[in-house]
Amino acid sequence: LPTIVNMSVQDVPSDRLLIELDAQGITVSEKSACKSDDPAPSYVITALGYDGTDGSLRISIGGPTTKSDIDRIAKTIISLISRIRQENKKYGKIDKI
């Protein structure tokens, strides 16, 4: 669907991104709702050649979503990725929360 974006982030676990984004008031998911209870990596992500261990975010954009919302989400995600990677360098990689 053209209103759904999926992105994978190397060396940043999905659950960490989900929690951090939620704390910022941004709701995203790791995979589709029908697969949310399945602990296996997304079959779509693995079919694209990724092993599913890196952070995968599914971002849905709706009618009420504004350009300002998208800019805020992008800036927040970029900032979080940078901070988490810095923490990984300093303290060692954290695979799961």
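The values are calculated or read from the model by the stated rules, or taken from the named source; none is laboratory data. Everything quoted here is computed from the prediction, not taken from an experiment. Surface areas here come from the heavy atoms of the whole protein model, side chains and all, with no ligands, DNA or RNA. Shrake-Rupley method; radii C 1.70, N 1.55, O 1.52, S 1.80 Å.
In the set I70, I84, only one residue is modelled with pLDDT of 75 or more, open to solvent by less than 90 Å² (accessible area, probe 1.4 Å) and closer than 22 Å to L1 by Cα; that residue is I70. Among the residues of region 15-54, those that are within 12 Å of the chain's Cα centre (by Cα), open to solvent by less than 80 Å² (accessible area, probe 1.4 Å) and modelled with pLDDT of 75 or more comprise D15, R16, L17, L18, E20, L21, I26, V28, S29, E30.
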